[in-house]
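See structure below.
The values are calculated or read from the model by the stated rules, or taken from the named source; none is laboratory data. What you see is a predicted model, and the numbers here were worked out from it, not measured in a lab. Glycine also receives a Cβ, built like all others from the backbone with ideal geometry; neighbour counts cover every protein chain displayed. Surface accessibility is based on the protein's heavy atoms, side chains included, excluding ligands, DNA and RNA. Shrake-Rupley method; radii C 1.70, N 1.55, O 1.52, S 1.80 Å.
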Amino acid sequence: MDFIAERDSFYMASIGENGFPYVQHRGGPRGFLKVLDDKQLGFIDFKGNMQYITVGNLATNQNVALIMVDYPTRTRLKIFARAEIVEPG
């Protein structure tokens with residue numbers, strides 16, 4: 001949990017309608033990726049390139065991989081999960 005809390009970026013792979021993975025960088029201030037409980041992570045999706053490819057992919061396939069890397073220590077964490085888009089409110 002500490003490793004996740006220290007991240008200021010990660011990569012998220014989703015699966016397109018063509019069956020191929022699409023990997024996109026997600027970034028924000030350190031700690032923007034939150035451990036909500038022992039089975040859930042959450043993050044605010046900051047304005048990016050305005051393409052919304054990952055959002056479109058999640059409409060047909062919720063399987064994702066999150067890849068977090070701490071380059072200085074050569075430490076990485078890969079999480080396979082199901083993603084859900086939740087509107088704030």
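Structural remarks
- Residues that are open to solvent by 100 Å² or more (accessible area, probe 1.4 Å), more than 12 Å from the chain's Cα centre (by Cα) and either modelled with pLDDT of 90 or more or among the aliphatic types (A, V, I, L, M) (or both) within the range 47-82 comprise Met50, Tyr71, Pro72, Arg74, Arg76, listed in sequence order.
- Applying the condition of being over 16 Å from Val35 (Cβ atoms) and in a loop (DSSP other than H, G, I, E, B) to the range 1-19 and asking which residue is least open to solvent (accessible area, probe 1.4 Å) yields Gly16.
- Looking only at residues of the range 35-46 that are exposed (fewer than 13 other Cβ atoms within 10 Å of the Cβ) and within 15 Å of Asp8 (Cα to Cα), we find that the one that is modelled with the lowest pLDDT is Phe46.
- Leu36 vs. criteria in a strand (DSSP E or B) and in contact with a Gly (Cβ under 7 Å, 6 or more places away or on another chain): yes
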